[in-house]
Every structure is written in C-alpha cells, then in structure tokens.
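Peer 1: Quick one: this structure, given as structure tokens, is what I'll be asking you about.
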Amino acid sequence: MKIDIKNAVKLIQSTSGKIFTVSFIKKDGTLRKMNCRLGVTKHLKGGELAFDPKEYDLVPVFDVQKNAYRMINTDTLVEITVGGETYKVA
C-alpha cells in the first residue's frame, strides 16, 4: 500500500510504543532499515535535546537492535511496516 509522508508520520505516531520497522535514506546516502519504537525512556540520562526535531522533519525513536536512540528523517522515508502491514512512502 502506498501512503504520503504526512500519513506516514501519523502512522508512526499511532504505533504508541509498539515495535515497527522503517527504511529510510541516511545523510550519507545509504539505505537504513531499523526496528524501533516510540516512547522509550529507560535509557535517558537526564538532559533535553538542544533543538526541536519537528523543525527538521525528524522523529526521535529507540532502535531496539542497537539499544540506542536514533532520529528518522521523514523526508527520506522509503517504507514502514506496522503490525505486519507494509506501506511504501511515495
């Protein structure tokens, strides 16, 4: 199924802590596939981000394989898999 970027971001926000998979193009031009989830606070050290990720079209997530926080650039989303359904971002 194909969806646009705006609906892809809504889909990510609607996962409410469930694990999902995204594919996107990193800054260096390579494709990254990541299993992640929203709302993880266990590994936070205290401080806050020095910027608002929404201003840069970024979504902060927790990468469950690398056990670290990462940012998804919504402008370069390629594919999202949520609950067994795969969505191509057009």
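Readers should treat all values here as calculations from the given coordinates under stated rules, not as data from a laboratory. Model, not experiment: these values are computed from the prediction. Note that we place each Cβ from the backbone using ideal geometry, even for glycine, and neighbour counts take in every protein chain shown.
Peer 1: For segment 68-77, just list the computed ³J(HN,Hα) in residue order, Karplus coefficients 6.51, -1.76 and 1.60, θ = phi - 60°, integers in Hz, with x standing in for Gly and Pro.
Peer 2: 8, 7, 9, 10, 9, 7, 5, 5, 10, 4
Peer 1: Modelling each spin label as a point 7 Å along the Cα-to-Cβ direction, I'd like the K33/Q65 distance in nm, to one decimal.
Peer 2: 0.8 nm
Peer 1: Quote the charge dipole size of segment 49-89 about the Cα centre in Debye, to the nearest 20; the model charges only the Cβ of Lys and Arg (+1) and of Asp and Glu (-1).
Peer 2: 160 debye
Peer 1: Let me ask you something else. Apply the Karplus curve 6.51 cos²θ - 1.76 cosθ + 1.60, θ = phi - 60°, to the phi angles in segment 15-20 and return the couplings in whole Hz, x for Gly and Pro.
Peer 2: Calculated HN-Hα couplings, in order: 5, 6, x, 7, 6, 9 Hz.
Peer 1: OK, next. In debye, nearest 20: dipole of the chain around its Cα centre with unit charges on the Cβ of K, R (+) and D, E (-)? Could you put the intermediate results ahead of the total?
Peer 2: Numbers: 15 positive and 10 negative charges, 62 e Å.
Dipole size: approximately 300 debye.
Peer 1: Considering Cα pairs under 8 angstrom that are at least six residues apart, work out the relative contact order of the chain and quote it in whole percent.
Peer 2: Computed over the chain, the figure is 37 percent.
Peer 1: Hey, another quick one. Please identify the trypsin sites (Lys or Arg not before Pro) of segment 34-87 that satisfy two criteria: DSSP loop assignment and at most 12 other Cβ atoms within 10 Å. Which are they?
Peer 2: Those satisfying the criteria are K42, K45, K66.
Peer 1: Please give the length that would be gained between I5 and V82 if that part of the chain were fully extended, namely 0.36 nm times their separation in residues minus their C-alpha to C-alpha distance (nm, one decimal). Mind showing how you got there, number by number?
Peer 2: Numbers: separation 77, 0.36 × 77 = 27.72 nm, distance 1.51 nm.
Full extension of this stretch gives 26.2 nm more.
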